[in-house]
Amino acid sequence: MNIQVKDINFNADAELMEFARKKAEKIFTLYEGVQGVEVNLKLENKKEDANKTAEIRVVVAGNDLFASKTEKTFEGATDSTIMALKKQVERLKSK
């Protein structure tokens, strides 16, 4: 399993990085063709509360899958992004 977690525009603590890694591991169980997962956690320069973005790219043979969500917390953004990717994986498996 090749999982990369990056923090952009802030310094994430080890607990947040491990949370993102564990969520990303679940993608490998959904589809055998997953070769890697890249997670980018970004702190946006916005004045609003929802300024934490999780971008996840799933590397599969052929086309990569990508989703990005912005929420009030990184955990919420990561969960929302994983749910969007699950839908994309289901569509990919049905082809």
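The values are calculated or read from the model by the stated rules, or taken from the named source; none is laboratory data. Since the structure is predicted, the reported quantities are computational estimates derived from the model, not experimental observations. With ideal geometry, Cβ positions are generated from the backbone for all residues, glycine too; neighbour counts draw on all protein chains shown.
A quick yes/no check of all residues on (1) surrounded by fewer than 12 Cβ atoms within 10 Å (Cβ to Cβ); (2) at pLDDT 95 or above:
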{"position": "K6", "(1), (2)": "no, yes"}
{"position": "L43", "(1), (2)": "no, no"}
{"position": "N63", "(1), (2)": "yes, no"}
{"position": "S68", "(1), (2)": "no, yes"}
{"position": "M83", "(1), (2)": "yes, yes"}
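Could you say whether any residue in the stretch 5-16 is part of a strand (DSSP E or B), of a type in the set (A, V, I, L, M), closer than 21 Å to D64 by Cβ and in contact with a strand residue (DSSP E or B) (Cβ under 7 Å, 6 or more places away or on another chain)? Please lay out each step first, then the result.
Residues of the stretch 5-16 part of a strand (DSSP E or B): 5-8.
Next, only the ones that are of a type in the set (A, V, I, L, M) stay: 5, 8.
Among the residues that remain, those that are also closer than 21 Å to D64 by Cβ are: 5, 8.
This time we only want the ones that are in contact with a strand residue (DSSP E or B) (Cβ under 7 Å, 6 or more places away or on another chain), so: 5, 8.
Scanning the stretch 5-16, I find at least one residue that is part of a strand (DSSP E or B), of a type in the set (A, V, I, L, M), closer than 21 Å to D64 by Cβ and in contact with a strand residue (DSSP E or B) (Cβ under 7 Å, 6 or more places away or on another chain), so the answer is yes.
Mind listing whichever residues of the stretch 27-53 are within 19 Å of K69 (Cα to Cα) and touching a helix residue (DSSP H, G or I) at 6+ places or on another chain (Cβ under 7 Å)? First the steps, then the outcome.
Going residue by residue through the stretch 27-53, those that are within 19 Å of K69 (Cα to Cα) are 27, 37-53.
Listed by number, the residues that qualify are I27, V37, V39, L41, K52, T53.
Of all residues in the stretch 45-64, those that are at negative phi and outside any strand (DSSP E or B) total 10. In the stretch 20-34, the count of residues that are part of a strand (DSSP E or B) and either surrounded by 11 or more Cβ atoms within 10 Å (Cβ to Cβ) or touching a residue at least 12 places away in the same chain (Cβ under 8 Å) (or both) is one or more.
Restricting the first member to the stretch 77-95 and to residues that are over 20 Å from D7 (Cα atoms), and the second to residues that are modelled with pLDDT of 95 or more and among the charged types (D, E, K, R), the beta-carbon pairs closer than 9 Å and six or more apart or on different chains are M83/K69; A84/K69.
In the set (1) assigned to a strand (DSSP E or B); (2) in contact (Cβ under 8 Å) with a residue 24 or more places away in the chain; (3) among the basic types (K, R); (4) within 22 Å of K93 (Cβ to Cβ), K42 fails one condition alone, (4).
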